[in-house]
Amino acid sequence: MLLFLYPLATLVLTSVYGDGGWTLQHYRRLFTVPAYLKVLRNTIQTAGLVTLICLALGYPLAYRLTTSSGVLRGVLVIAVLMPFWTSLLVRAYGWMVILHPNGLLNTVALWTGVVREPLELVHNTTGVLIGMSQIMLPYMVLPIAAVMQSVDPRLLQAASSLGAPPWRRFVSVYAPLTLPGVLAGCLLVFIISLGFFVIPALLGGTRDILLAQLIDFNMSKVLNWGFAAALSTVLLVTTLAIYAVAGRMLRIQTLWGSFR
Amino acid sequence: MTTPRDSRGITRRTFLSTAAAGLSAGAALWPHPTTAQKGRVVFATWGGSWEEAMRKAWFQPFTQKTGIEVVTVSGPDYGKVRAMVKAGQTEWDIVECNPDFQWIGPREGLLERLDFKVIDRTPIVPDPKLVTEYSVPQVFWARVMVYNTKQFSKENHPRSWQDVWDLNRFPGKRALYSKTNGGSLEIALLADGVPPDKLYPLDVNRALKSLDRIKSQVIWYDTNQQITQYMVGGQFAVGIAPDGRALAAIGQSAPIAIEYNQSILTWSAFVVPKGAPNREGAMSLLAYVLTPQAQAAIAMAFPYGPVVAKAYDSIPPERAAILAGGPQQAGRYILADERWWAENLNEVTEKFTAWRIA
């Protein structure tokens with residue numbers, strides 16, 4: 001605990017103490033120069049979009065994973081876990097090769113006549129979202145699958161026997177029961193996405209600057225550690241705030257669970 | 001660690017020193033930093049094939065000559081230098097760095113003054129910015145224009161940054177470096193008609209306005225590996241790239257060619273962090289690498305330009321013609337004002353970031 005708190009305290013201290021005195025200059029700069037607020041907004045927005053994409057892809061995937069068996073299950077598990085074992089850089093370059101205007105995807109799309117002009121899929125926000133979502137997908141699938149695994153199938157059968165159509169079964173039984181997994185997955189994906197660095201740098205365009213890139217620049221290029229610490233503190237506070245809110249939602253969820 | 005001496009019979013002094021050497025050799029078996037570092041210089045490098053070249057051209061002959069071993073560590077990050085020095089635990093003796101650190105480093109009190117009684121700075125190409133009290137240049141390199149040979153011919157290709165900004169005559173993607181001091185602002189001003197000798201101090205607002213004209217066609221690269229990949233894949237029409245990377249890509253039959261006109265010449269530098277464990281060893285290595293022979297050797301091993309003009313005496317002309325600062329560039333390059341960058345990087349980056357996400 002001390003090992004964890006001491007560096008954090010040092011971090012916060014670095015952001016308010018410098019040149020032999022207390023100062024709020026770094027925070028003033030952060031909140032008065034519009035570029036920094038925009039980067040912060042960009043960061044939160046990107047993380048939010050990645051979370052949504054991962055949820056949309058991850059929920060059905062997790063369902064398939066828990067309901068399938070045999071070879072298919074093995075293949076799915078490997079497909080989900082594979083990205084964990086590959087280097088981030090390798091994946092980023094892989095996406096470049098696939099998404100590039102003369103890349104695999106565009107070549108196929110042009111050849112089959114799906115599109116007339118090559119799609120701009122990389123060096124812009126689209127590229128960042130594709131790259132980040134692929135990396136974050138396991139963080140969404142695994143907690144959801146864990147929860148889905150523990151859903152008692154008899155509850156669904158009971159719902160059917162009481163005459164609930166499939167959509168009703170999903171909305172009133174399955175979705176609420178798997179919600180804790182969804183929230184945990186979203187939280188994990190969102191928080192990790194806030195600190196992303198390599199992917200936006202490699203797959204992003206002019207506008208895709210995220211907070212972590214600014215922190216790195218101030219840390220290692222201009223040695224402005226005070227400002228880097230202020231940026232980190234803002235990121236930390238944002239993360240904690242989201243965590244607190246999500247934590248409350250999770251607790252409400254467990255309350256519901258016990259009433260049922 | 002101890003140099004062999006000719007035997008003259010055992011005196012009390014040699015006995016004692018031998019005993020001491022024996023003791024210290026015994027101590028060296030333990031991972032004790034001070035004894036272990038005595039006969040070696042720790043060199044923080046960017047690594048890769050560049051490190052291989054330095055090992056052959058510099059480190060091996062240096063070790064042969066002096067007996068001092070050169071140990072490399074990778075990732076010469078300014079932040080790491082600062083962390084080491086501030087913690088009073090400097091582990092590196094020499095750091096290779098971009099020239100802005102020549103001024104940023106001393107400002108933060110992170111560097112040792114160099115010993116110019118050991119290092120001879122007189123043969124270094126005379127320019128007031130190349131040598132400081134805290135740094136010497138390592139090699140020259142340049143940011144050069146590269147164009148796609150599938151799209152443009154040798155006769156009809158962009159020859160100036162004004163041409164590069166002409167999206168009608170030379171359409172296609174522009175590959176620019178995303179770092180503020182990666183040349184984009186300089187070439188934007190040249191494209192806007194600023195004469196090369198009036199470039200610095202950079203008019204940042206004018207540069208950004210000029211960049212607006214091509215913004216939609218720019219693909220940014222963040223690392224040198226990335227631009228290499230773009231070149232090999234022919235993923236842009238024209239751009240700016242480090243000459244070493246461009247030559248390497250051409251070696252891998254990338255569909256690109258170099259236009260040396262209006263290239264931006266810069267250099268890499270050596271510094272010694274404050275509290276370096278083997279300061280003397282560092283000075284003697286720096287003295288060695290700045291000799292004409294060592295500078296010629298590195299230029300033969302890696303396509304970077306020597307910072308000692310005399311080195312060209314032993315470099316064949318066909319090799320000289322691809323080195324930064326060589327004859328192909330003569331009168332057609334601009335020397336980057338790295339001092340201005342060191343002083344303004346922070347503010348300019350703020351503006352550049354604001355422009356990028358606007």
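The values are calculated or read from the model by the stated rules, or taken from the named source; none is laboratory data. Computed from a predicted model, the values in this text were never measured in an experiment. Cβ placement follows ideal geometry from the backbone for every residue including glycine, while neighbour counts extend to all protein chains displayed. Each accessible area value is taken on the protein alone, full model and side chains, heavy atoms only, with ligands, DNA and RNA left out. Shrake-Rupley method; radii C 1.70, N 1.55, O 1.52, S 1.80 Å.
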For chain A, modelled as a GNM with alpha-carbon contacts under 10 angstrom, which of A:A109, A:A230, A:A47 fluctuates the most?
A:A109
Do the sum for chain B: with -39,500 (n - 2.57) for every DSSP H run of n ≥ 4, divided by all residues, what is the mean residue ellipticity at 222 nm, to the nearest 500 deg cm²/dmol?
-11000 deg cm²/dmol
Within a 10 angstrom radius of each residue's Cβ in A:213-225, how many Cβ atoms of other chains show up on average? Whole number is fine.
6
Please state the relative contact order of chain B as a whole percent: Cα pairs under 8 Å, 6+ residues apart?
26 percent
Could you compute the FRET efficiency for A:W167 and A:Q45, with r as their C-beta to C-beta distance and R0 at 30 Å, rounded to 0.05?
0.45
Taking R0 as 22 Å and r as the Cβ-Cβ distance between B:W46 and B:Q89, the FRET efficiency 1/(1 + (r/R0)^6), rounded to the nearest 0.05, comes to 0.45
Kindly list the residues of segment A:135-171 that lie in the label zone of A:F4, defined by a backbone N under 18 Å from the point 7 Å along the Cα-to-C-beta vector.
none
Computed label-point distance, nm, for sites B:K56 and B:Q151 using a 7 Å Cα→Cβ extension
3.5 nm
Nothing charged except the Cβ atoms of Lys and Arg (+1) and of Asp and Glu (-1): what's the magnitude of the dipole of segment A:26-257 about its Cα centre? Round to the nearest 20 debye.
420 debye
DSSP H segments from chain A that extend 30 Å or more along their own axis, Cα-based, with Kyte-Doolittle mean of -0.5 or above:
A:34-67, A:125-149, A:225-259
Cβ-placed point charges (K, R +1; D, E -1), dipole of the protein assembly as shown about Cα centre in debye, nearest 20
1320 debye
Identify which of A:Y243, A:Y17, A:Y36 has the largest mean-square fluctuation in a Gaussian network model of chain A, with springs joining Cα atoms closer than 10 Å.
A:Y17
Average other protein chain Cβ within 10 Å of Cβ, residues A:194-201
1
Which angle from 0 to 90°, rounded to the nearest 10, does the C-alpha axis of helix B:292-301 make with the longest principal axis of chain B?
60 degrees
Rounded to whole angstroms and listed largest first, the alpha-carbon spread of the protein assembly as shown along its three principal axes comes to 103, 73, 54
Give the residue from B:L110, B:N148, B:S160 lying farthest towards the positive end of the charge dipole for chain B; charges sit on Cβ (+1 for Lys and Arg, -1 for Asp and Glu) and the dipole is referred to the Cα centre.
B:L110
One finds the C-alpha centres of segment B:291-318 and segment B:155-220 to be spaced, in Å, by 31 Å
Within the protein assembly as shown, percent of DSSP bridges classed antiparallel, to nearest 5
60 percent
Ignoring ligands, DNA and RNA, what percent of the 1.4 Å accessible area of the protein assembly as shown is carbon and sulfur?
62 percent
Residue mean of other protein chain beta carbons inside 10 Å, B:233-242:
1
Fraction of antiparallel bridges per DSSP, chain B only, in percent to nearest 5:
60 percent
Any idea what angle helix B:12-29 forms with the longest principal axis of chain B, computed on alpha-carbon atoms, 0 to 90 degrees, nearest 10?
50 degrees
Label point at B:N168 placed 7 Å out along Cα→Cβ; residues across segment B:188-225 whose backbone nitrogen lies under 16 Å:
B:213-214
Pop a pseudo-label 7 angstrom from the Cα along the beta-carbon direction at both A:A175 and A:R64 and give the gap in nm to one decimal.
2.1 nm
Estimated FRET transfer efficiency when R0 is 56 angstrom, pair B:D77-A:Q149 (beta carbons, to 0.05)
0.80
